[in-house]
1. If R0 is 30 Å, what FRET efficiency do you get for residue 361 and residue 155 from their C-beta distance, rounded to 0.05?
2. Roughly how far apart, in whole Å, are the Cα centres of the stretch 136-167 and the stretch 105-121?
3. Using helices alone, what [θ] at 222 nm do you get for the chain, with -39,500 (n - 2.57) per DSSP H run of 4 or more residues, divided over all residues and rounded to the nearest 500?
4. Just the Cα atoms of the chain: what Rg and Dmax do they give in Å?
5. Hey, fewest Cβ within 10 Å first, where do 74, 171, 161 land in order?
6. For the stretch 384-479, calculate the relative contact order in percent as a whole number, restricting contacts to Cα pairs under 8 Å that are 6 or more residues apart.
7. Could you tell me whether the stretch 265-405 comes out rounded, prolate or oblate from its Cα gyration tensor? Rule is a ≥ b ≥ c as square roots of the eigenvalues, rounded for a/c under 1.5, then prolate if a/b exceeds b/c, otherwise oblate.
8. Subtracting the Cα-Cα distance from 0.36 nm times the residue separation, let me have the gained length for residue 41 to residue 190 in nm, one decimal.
Ligand code: 16Z
């Protein structure tokens, strides 16, 4: 009896311990097709990606010919999705390519405008969900080669942007409404024909990387399809093949699922890909949400239009809105990618040209607070965002306090701000020490010049005293 009691006690004890452990430990499932790597990529190509700050997205295809209208009717959805609209027969859409003749297209001009905006990388839709290819693919007839325009648009863009010093990435959709083997969901009888689609996808990706060796990476889309999610082994092998073919290639987390169907993060919570590719028309609210990963945010100018829609309705973002998002992204270690949807004639619309110009003018003065900058482990303040590069801290101000004082708070033994000035004209600003708060953190106010009213976001540069009472860690970026 006593032996049995002892046995039960010991058993209960063991069970308690292991249950406790199971709760605190990360899940650990053996995966064949999970993340290839744990933690950040630290090679030169990825370092370069990390320093971009600002990018340009280009959505261009035959949907630009329709421009969000068909038969005089207005399509309220995203213009690049018009083929899925009941009012537009598929046959009409699938013949739009016959009218695709963007004689105004000038890759050098687009690239110049993007460079003047301050974009360091560009992502071009080589093939959107409709399946229309902007390059001369030999694996389908549904390409720009069969249009009156004929010219290889991807080639011209890769060359022109690369010449401007802008890195090029290829958007590629694994949804393809034009390919006979494509399925969104696989019924048993579809499995065989879907194999032809998988081979087609592989062929096209190898074709793209071979034809355009200058590109830096791939930006995948449409990978949420149930049929694709089931292809964990295929996609995993394909990823390795593409990486071997193109050393340094950058692929985000929106390419493949693990064998349990988990996307972006595998069943163990590890990121699958070189950066988190999930922030779309939406930004993280706080740094905690990005889990110390690299990430990008792709953003539309109106609420939800990627391809050209001739009639934008609803709120259209201003350059100050977009600059705010850009700085917010960089302050949390992300890149901000602004979308452009050129029209069916090959012209970038006047609203986008104006925004590019305004953003570019701002970047010329303030780009130092963006390029190569990263997160700062300082408490977020209401006036705007902190970014950091080497020993400098940048405070980009969007909300000017009525008292003209920009507050910052440093940890107990943190570095002390020793010098502050306006980035635009180098005017020195007074630093007022304001004691400590209840957490024993030091408070400082940076005093703006009397009557200062810039009417635009502006940057204050801060240098800190590295000697004296500090632990040297206060301004380091969070652990990476
Ligand atoms: C069903 O919701 C969707 C599906 C696809 C919303 C957007 C998209 C596509 C857009 O057409 C655009 O290319 C965006 C980047 N992508 C996710």
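No value in this document is a laboratory result; all are computed from the given coordinates. The shown structure was predicted, so the numbers you read here are calculated from the model rather than taken from an experiment. When we count neighbours, we look across all protein chains shown, and the Cβ atoms used for this are built from the backbone with ideal geometry, even at glycine.
1. Numbers: r = 31 Å, r/R0 = 1.04.
Efficiency computed from Cβ-Cβ geometry: 0.45.
2. Between the Cα centres of the stretch 136-167 and the stretch 105-121 lies a distance of 16 Å.
3. The helix-only estimate for the chain comes to -8500 deg cm²/dmol at 222 nm.
4. 25.9, 93
5. Working: 74 12, 171 20, 161 28.
Least to most surrounded, the residues fall as 74, 171, 161.
6. Values: 183 pairs, mean separation 36.3, N = 96.
This gives 38 percent for the stretch 384-479.
7. oblate
8. Values: separation 149, 0.36 × 149 = 53.64 nm, distance 3.81 nm.
Value of the extension gain: 49.8 nm.
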